[in-house]
1. Can you pull out every residue in the range 57-83 that is more than 21 Å from Ala22 (Cβ to Cβ), assigned to a helix (DSSP H, G or I) and at pLDDT 75 or above?
2. When the range 31-56 is examined, which residues are found to be among the small types (Gly, Ala, Ser) and either surrounded by 12 or more Cβ atoms within 10 Å (Cβ to Cβ) or not in a helix (DSSP H, G or I) (or both)?
3. Would you call Arg86 modelled with pLDDT under 75, over 30 Å from His14 (Cα atoms) and either polar (S, T, N, Q) or out of contact with any Phe, Trp or Tyr (no Cβ under 6 Å at 6 or more places or on another chain) (or both)?
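The values are calculated or read from the model by the stated rules, or taken from the named source; none is laboratory data. Computed from a prediction, not measured in an experiment: that's the story for all the values here. Here the Cβ positions follow ideal geometry from the backbone for every residue, glycine too, while neighbour counts run over all protein chains shown.
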Amino acid sequence: MPDHPNTIQHDASHPTIETIRAFARGRLDGNSLQWIESHISTCSVCCTVLESVPDDTLAELLRSVPIEKPNLRLVAGYEIKEELGRGGLGIV
């Protein structure tokens, strides 16, 4: 096992560090994406490398923006008791 996450010993059974970084930043598609998802779910070494990948600038900026809770009393005809969840397409 490597001493540092960025010193992974590359062989055919592991993705390269560059591929792991691309995966972390959402830059893979198709077969590459499916293969690395499957691999990382079972490989603790590559999972550690993935956890050490720093955010890119856009992700850092998005995480730094405060999220304001909406006024839940604005929906006419309904009584909203609590927010169940939120995501990219809205609030439930």
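1. Within the range 57-83, Ser64 is the sole residue that qualifies.
2. Result: Ser32, Ser41, Ser52.
3. The answer is no for Arg86.
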